[in-house]
1. Which whole-number value in Å² is the accessible area per residue of the stretch 64-220, probe 1.4 Å?
2. Highest GNM mean-square fluctuation, the chain, Cα pairs closer than 10 Å: which of Pro131, Pro186, Pro110?
3. Quick check for me: using +1 on Lys/Arg Cβ and -1 on Asp/Glu Cβ, what's the dipole size of the chain about its Cα centre, in debye to the nearest 20?
4. Taking a temperature of 37 °C and a viscosity of 0.692 mPa s, what whole-number D in µm²/s does Stokes-Einstein yield for the chain with Rh from Kirkwood over alpha carbon pairs?
5. What number comes out for the charge environment of Phe208, summing +1 per Lys or Arg and -1 per Asp or Glu over other residues with Cβ under 13 Å away?
6. Going by accessible area, probe 1.4 Å, with all protein chains left in place, what is the ranking of Ser237, Ser33, largest first?
7. Could you identify which residue out of Glu217, Glu19, Glu79 has the top mean-square fluctuation in a GNM of the chain using Cα springs shorter than 10 Å?
8. Students sometimes get this wrong: rank Arg184, Arg29 by accessible area, probe 1.4 Å, all chains present, largest first.
Amino acid sequence: MAMDVHVRDLRYFLAVAEELSFTRAARERLFISQPALSKQIRLLESTLRVALFERDRRSVALTAAGRELLPRARALVAEWDAARRAVVEAASGPTLTVGFHTRIGRGLIPAVTARVARRLPGLRLRFRQVPWHDPAVGLRDGGVDVAVAWLPVPDSGELSWRVVATEDRWVALPRGHRLAAFERVPFAELVDEPFIALPAGAGPLRAFWLADDHRGEPARVAAEVSTADEAFEAVASGLGVVLLSAGNAEEHRRDDVVYRPVPELSPGSLAVVWRTGDEREAVRVFVEAGAGG
């Protein structure tokens, strides 16, 4: 009987094998629930008729069968990603998919597109918005080739980045909020405010935009959102406030929200991000173009 193993199953296996933790793999790599991941791994083990992991309450370890599968799974997933790119390029010409969480703006994309076109005239850029629950902006699952994203991104050695802009952090307030009359809002005035937060899966990015690095106590979270549009709707409705970059305050201007600088907060960094070790010319050219090269 033929075995029905999918690339997704191998990605799930790789996440657990590399993290040696079902919880971390589910939350930080795959953005699914831990029970759902455990179920998929059990189904994979049932299909292969072997145990891939030794589990107890405190640890996860690969079995001999799991250690044998690990390099093969990596090779199969890499081969599939390469095949998918080749098929897309055969159908539409060379394409580079660029991931992003929020509007990039700042004139960055027209400038990068022009620089890329001069150096690689046949390359098409395709843009894909990725929800905030994926802190790797689509790079881990192979859905994008490069990304333009706010740091921090997961720092596990899988991703590399180059900063292209640094901007102060501002706060978005509902019009009529008691702090809207301030020209600048001291962070001390915001500490007890209800905040609109990125989803828990966003990890360190959520912490940064809640200004956890400037707090003694956890933020009071009124709601979680997956996109910038959801965040500003929540602010406008009076659910809470949200931090954002100065440039995004300009990009997302609307009549029912006001934006003010928060001087004490450290600035945010916008970066071009790519998979470590991806040495394709198109990736290199995009990174250099994003950095002004």
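1. Details: 7760 Å² over 157 residues.
Each residue of the stretch 64-220 exposes 49 Å² on average to a 1.4 Å probe.
2. Of Pro131, Pro186, Pro110, the most mobile in the Gaussian network model is Pro110.
3. Numbers: 39 positive and 39 negative charges, 144 e Å.
Once rounded to the nearest 20, the dipole reads 700 debye.
4. On the way: Rh = 21.0 Å.
For these conditions, the coefficient is 156 µm²/s.
5. On the way: positive: Arg169, Arg206, Arg215; negative: Asp155, Glu167, Asp212, Asp213.
Residues near Phe208 contribute -1 overall.
6. On the way: Ser237 85, Ser33 65 Å².
Ranking Ser237, Ser33 by accessible area, largest first, yields Ser237, Ser33.
7. Between Glu217, Glu19, Glu79, it is Glu217 that shows the largest mean-square fluctuation.
8. Details: Arg184 150, Arg29 35 Å².
Sorted by accessible area, descending: Arg184, Arg29.
The values are calculated or read from the model by the stated rules, or taken from the named source; none is laboratory data. Keep in mind the model is a prediction, meaning the values are calculated, not measured. Here Cβ is always computed from backbone atoms with ideal geometry, including for glycine, and neighbour counts include all displayed protein chains. Each accessible area value is taken on the protein alone, full model and side chains, heavy atoms only, with ligands, DNA and RNA left out. Shrake-Rupley method; radii C 1.70, N 1.55, O 1.52, S 1.80 Å.
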